[in-house]
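The values are calculated or read from the model by the stated rules, or taken from the named source; none is laboratory data. These numbers were taken from a predicted model, which means no experiment stands behind them. Heads up, the Cβs are rebuilt from the backbone with ideal geometry, glycines too, and the neighbour counts pull from every protein chain shown.
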Amino acid sequence: MAYETILVETRGKVGLITLNRPKALNALNSQVLKELLAATRAFEADDGIGCLVVTGSEKAFAAGADIKEMQAKSYVEAYLEDFFAGWEDFTRCRKPMIAAVAGYALGGGCELAMMCDFIIAADNAKFGQPEITLGVMPGMGGSQRLTRFVGKAKAMDLVLTGRMMDAAEAERCGLVSRIVAPEVLVEEALKAAQKIADFSLPAAMMAKEAVNRAYETTLAEGLRFERRLFHSMFALEDQKEGMAAFAEKRKPNFVNR
Ligand code: CAA
């Protein structure tokens, strides 16, 4: 597929997707969603890829859903097409995904970053849910994911005032896993992604599934789910290899089986 709104590259075992609508600060329109889904599916199907990185530009990861595209929508149009439901497909990617965020990550941009498994931010990153300033509210998961990630007080503050928070505040409240300089953002995200991709893919995918389960279920069920997955790992060649390599003081050679 030829992409017009994103750039898609393979770096070693990492799939790199760069949002590329610079004139609109990477605003997320329906074409971006379609292309992101196609690129993600292609990387999912590629046995050579173990991790994905999604990034934008130094000025903007993404300044939100495309306001001009949705401005004239009627209620019934939004309802019948189940507007924004397509983003749930993006979250079905089973391989690990890192968001590398510089500049604005607002509205749908912040929500897209939160759909990834963790966020590495440049020190110039700005996160926010400014939908209230447009007479609406978050619609791509912001009211739910942000609240789970940063807690009610901070989520209410951001969603109700529409203010932006900088990278330091985002790291303090747990939205961001680490902060780096803007000029090394993509490099650092690729390094982290390559590290993940060098591990056993089934182990990484199961670990991702288990952590995500913590947001969907009770502690007792989550612990049971974790233990069952953990037990199943003894069927992996990679478990035998990883533990043998440790005992033999050598590097493991994982085969994703
Ligand atoms: N949708 C469509 N176009 C956008 C956009 C968006 N979300 N954000 C920026 N743009 C466009 C601007 O209209 C402008 O286009 P023109 O040159 O054709 O006028 C171009 O990108 C550059 O933007 P600015 O001139 O505004 O750049 P700036 O540096 O002065 O300001 C900004 C940057 C503070 C991010 C400002 O662009 C802004 O406030 N953008 C909107 C942020 C926002 O409200 N996001 C939420 C969208 S709604 C949403 O996401 C719903 C949801 O829950 C999913």
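Some observations on this one:
- Where a residue in the range 25-39 is free of Cβ contacts under 8 Å to residues at least 40 places away in the same chain and more than 8 Å from the ligand (Cβ to nearest atom) and its partner, wherever it lies, is part of a strand (DSSP E or B) and not aromatic (Phe, Trp, Tyr), with Cβ under 7 Å and at least six apart: Val32/Ile6; Val32/Leu19; Glu35/Ile6; Ala39/Ile6; Ala39/Val8; Ala39/Ile17
- A count restricted to the range 126-161 and to residues that are closer than 21 Å to Gln71 by Cα, touching a residue at least 24 places away in the same chain (Cβ under 8 Å) and not in a helix (DSSP H, G or I) stands at 6.
- Tallying residues that are more than 12 Å from the ligand (Cβ to nearest atom), in a helix (DSSP H, G or I) and surrounded by 12 or more Cβ atoms within 10 Å (Cβ to Cβ) within the range 58-96 yields 3.
- Criterion violated by Gly174 - all others in (1) out of contact with any strand residue (DSSP E or B) (no Cβ under 7 Å at 6 or more places or on another chain); (2) surrounded by 16 or more Cβ atoms within 10 Å (Cβ to Cβ); (3) small (Gly, Ala, Ser); (4) within 29 Å of Glu44 (Cβ to Cβ) satisfied: (2)
- Restricting Val180, Val159 to residues that are buried (at least 18 other Cβ atoms within 10 Å of the Cβ), of a type in the set (Val, Ile, Thr) and away from the ligand (no atom under 13 Å from the Cβ) narrows the list to Val180.
- Pairs where the first residue, in the range 61-89, is within 30 Å of Ala122 (Cβ to Cβ) and the second is within 11 Å of the ligand (Cβ to nearest atom) and acidic (Asp, Glu), C-beta under 8 Å, 6+ apart: Gly64/Glu131; Trp87/Glu111
Let's see how each residue does on (1) in contact with a helix residue (DSSP H, G or I) (Cβ under 8 Å, 6 or more places away or on another chain); (2) modelled with pLDDT under 95; (3) under 25 Å from Ile98 (Cα atoms):
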position	(1), (2), (3)
Asp198	no, no, yes
Gly222	yes, no, yes
Phe225	yes, no, yes
Asp238	yes, no, yes
Phe246	no, no, no
Lys249	no, no, no
Pro252	yes, no, yes
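- Contact map, the range 209-225: residues that are more than 18 Å from Thr147 (Cβ to Cβ) paired with residues that are of a type in the set (Lys, Arg) and surrounded by 13 or more Cβ atoms within 10 Å (Cβ to Cβ), Cβ distance under 7 Å, separation 6+ or inter-chain. Pairs shown: Gly222/Arg213; Phe225/Arg213.
- From the list Gly128, Gly139, Gly107, the lone residue that is touching a Cys at 6+ places or on another chain (Cβ under 9 Å), among the small types (Gly, Ala, Ser) and within 19 Å of Leu25 (Cβ to Cβ) is Gly128.
- Being part of a strand (DSSP E or B) and out of contact with any Leu (no Cβ under 7 Å at 6 or more places or on another chain) holds for only one residue in Ala105, Ala113, and it is Ala105.
- Condition check for Ala100: at pLDDT 95 or above, touching a strand residue (DSSP E or B) at 6+ places or on another chain (Cβ under 8 Å) and either assigned to a helix (DSSP H, G or I) or surrounded by 24 or more Cβ atoms within 10 Å (Cβ to Cβ) (or both): yes
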